[in-house]
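See structure below.
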C-alpha cells in the first residue's frame, strides 16, 4: 500500500513536472529548429520549407513548376491546402511566395477550399508533392529556366549592341496547350527588365541607349543567327522597360514539349557618355506567355534576377569621352627622361666622386690631382 | 715652326692622353655598361616574358586590386594574358588596360641597368638590387592604386593624372631611389 502511494505521488509529481515543462516550452523549440531545417532543405534544393504561424507549424511545399503552393498544418487535424490558379477558388497569386498567400491559408476561404485529413502533414507533402507536377502542368504549361543576367564587368563601345539578359521558356508537354512568348492583354505582356545605374551613380541616362532588343535565339547567347523579334525605346532607368513581342509571329512559338531561347540586348547610343555604367535586374514573373487552350488566363513566368554592382556594363572607354570607346591605357611614362637623368646623374656622380674637392674637374689646375679613385 | 711643334709634342700627346683618360674614365665606362646591362635586361625580358608576368606583373596588379578592394573600391582583374601580361583592371566606371609598360617595368630595367653599371663594389650593387626591385614593386602597386582612387573620386581627371602628374612622380621616384643609392655608393672605393 505504501509502495503504491509512493508510486502515485511520484507519478503525479513527475507527470506534473512534464506537463509544466511542456507548457513552458510549448513550440518554442521550433524557433531554433525551423531555420536549421529550412537551411538544410535549401541545401538539398528541396522546394519545401517550414513556417511557424503563432503556435502552429506550417509545412509549405513550393514547386518550381507552375504556381501551386501546397501548405499543410501540423495541428489536431491536418489541413491540406492547395492554392493554385483556378483550382482552389482563389485568385491568381501575384507572387507564389508572397505573404498574402500564406495568410490565405488562415482564412475561411482557404479552409473551405481545403481538404481535411487526419494524416501527418509530411505524408501529405510527400504524396501530393509527387502528384503536383502533373497537376501543375494541367494549369500552366510553361516555365522558364536558365535566366541569365550580367556576369562580371564588361565594356561596350558606343553604337554597339550587347547582350544583357537571356532565358529559356520550357513547354511542359501538355499536348492541349500551345505556348507562345508574349500575351495579348493584362499585366506582363512581354519581357520586363529594369536597367539601373550603379549604387554609386555614374550618371546613366535614358539617352545612353538607343533601345532594348529581343531576339529568338538558338542558345542563350546573342549572335548572328538570332532572329530579331521586337524592340523597346526609350529605355527607362531605374524602372521597368517592357519589350512586347506579340507581333513577332512564328518566333514567339515554343515547340511542344521543347524549349525556346530568347535573348535581350541593349543597343548603346553613338552619343552615349563614356564612363556611364548600368546593371540589369528583373522581378519574379517578368515574362508573359500565351497558353492557348488554358482559356483566357495567360501565364506569367520568370524568376528574379537581382541587379548587382559586381555585374555591370561600362559604356565607352571611360569618363573622358573617347571616340569608339576602349579601355584607358595608362603607360608608366617618363622613361626617356628617366634614361637621360639616370645616365647623366650617374656620370655626374662619378665625376663628383673622382674629384670631391672640385665638382668641375675641367677647372682643376692639375689634371692628375682630381683622380682620387684608388686602385684596390 | 717644326721645331716649335716638336718642342710642344710631349704636351700635345700628354693632353690627348689625358683627354682620353678622361673620356675613357668611369663616366664612359658607366655609360657603356649601362647600355650593355640595358640590353641584357631587354633580352631577358623578351626571352622570358611569361616569367616576368608571374614575377612582376601579376603581383603588382593583384596587390593593387587587393588594396583597392580594401579601400572599399570595387576592382577586379579581367582577362590576364599569361604571355603578354596584358589584363584589364576593372573599376566601377573605368576599365584600365594594364600592360607591361603600365607597371613601370621598363623604368625598372633602366634603374637596374644603372645600378649594375655603376662602378662600385659587388655587395653594394646587390644591396642596390635589393632596394630597387621591392621599391618598384611597391611603387607600381601604389601607382595603380592611385589611378584607381582617381577613377573613383575624380574620373574626369584621369588623363591629367596619368599623363602629367604621375609621370612627374614616376621620374621623381626613380631619381630619388637612384640618387639615394648612388650617394651611399659614393662613399665606397671603386674597384678597378
Legend entry - residue B:69, sole failed condition from (1) more than 10 Å from chain A (Cβ to nearest Cβ); (2) farther than 29 Å from residue B:175 by Cβ; (3) assigned to a loop (DSSP other than H, G, I, E, B): (3)
Inset, instruction - Considering (1) more than 9 Å from chain A (Cβ to nearest Cβ); (2) part of a helix (DSSP H, G or I), say which one residue B:120 fails and leave the rest. - result: (2)
Inset, instruction - Return a yes/no flag: does region B:146-165 have any residue that is part of a helix (DSSP H, G or I), more than 7 Å from chain A (Cβ to nearest Cβ) and within 17 Å of the chain's Cα centre (by Cα). - result: no
Legend entry - Candidate set from region B:79-103 (those that are assigned to a helix (DSSP H, G or I) and crowded, with 24+ Cβ neighbours inside 10 Å); member that is farthest from the other protein chains (Cβ to nearest Cβ): B:103
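Do we find that residue A:271 is modelled with pLDDT under 70, in contact with a helix residue (DSSP H, G or I) (Cβ under 8 Å, 6 or more places away or on another chain) and within 30 Å of residue A:205 (Cα to Cα) in this structure?
No.
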Legend entry - Exclusive hit being buried (at least 19 other Cβ atoms within 10 Å of the Cβ), at pLDDT 80 or above and more than 30 Å from residue B:153 (Cβ to Cβ), set B:34, B:56, B:106, B:45: B:34
Inset, instruction - Check whether at least one residue in region A:362-371 is at pLDDT 80 or above, surrounded by fewer than 18 Cβ atoms within 10 Å (Cβ to Cβ) and at the interface with chain B (Cβ under 10 Å from one of its Cβ atoms), and report yes or no. - result: no
Legend entry - Unmet requirement for residue A:302, which otherwise passes all of (1) at pLDDT 65 or above; (2) over 28 Å from residue B:181 (Cα atoms); (3) surrounded by fewer than 21 Cβ atoms within 10 Å (Cβ to Cβ): (3)
Legend entry - Verdict on residue B:141 being surrounded by fewer than 16 Cβ atoms within 10 Å (Cβ to Cβ) and farther than 21 Å from residue B:36 by Cα: no
Inset, instruction - Would you check if there is a residue in region B:178-188 being modelled with pLDDT under 85, facing chain A (nearest Cβ under 8 Å) and within 16 Å of residue A:335 (Cβ to Cβ)? - result: no
Legend entry - Exclusive hit being within 7 Å of chain A (Cβ to nearest Cβ) and part of a helix (DSSP H, G or I), set B:106, B:136, B:142: B:106
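The values are calculated or read from the model by the stated rules, or taken from the named source; none is laboratory data. What you see is a predicted model; the values in this text were computed from it and never measured. As a convention, Cβ positions derive from the backbone with ideal geometry for all residues, glycine included, and neighbour counts pool all protein chains shown.
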